[in-house]
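All remarks here apply to the structure that follows.
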């Protein structure tokens with residue numbers, strides 16, 4: 001028997017999106033009051049949005065340019081997104097990595113390999 005192949009990045013994105021959807025569904029059902037049934041006079045409650053926290057992150061210029069490139073790449077595929085969504089998607093992908101791959105990814109950020117200048 002052969003070992004199952006590691007999930008592709010597209011599969012990881014789908015899994016992360018599915019997990020996020022399940023988490024949001026669980027949050028809204030956990031908030032729903034149990035007990036008496038709704039009467040006609042009650043207004044349906046809007047689900048609360050998750051509380052957001054504002055933070056500032058410093059990026060190297062090259063990493064910031066990569067965010068722009070990713071936005072353009074997604075726009076060509078018909079997906080309009082912002083830098084915030086790209087960072088959040090990256091966080092979800094990192095959360096699904098096994099510890100050795102996560103360690104490698106962090107090591108690459110701390111001490112990146114020298115970039116080659118492709119324009120020359």
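The values are calculated or read from the model by the stated rules, or taken from the named source; none is laboratory data. Everything quoted here is computed from the prediction, not taken from an experiment. Heads up, the Cβs are rebuilt from the backbone with ideal geometry, glycines too, and the neighbour counts pull from every protein chain shown.
Looking at the stretch 89-112, can you tell me whether even one residue there is at pLDDT below 90, part of a loop (DSSP other than H, G, I, E, B) and surrounded by fewer than 10 Cβ atoms within 10 Å (Cβ to Cβ)?
yes
Could you tell me whether any residue of the stretch 12-35 is modelled with pLDDT under 80 and closer than 30 Å to residue 112 by Cα?
yes
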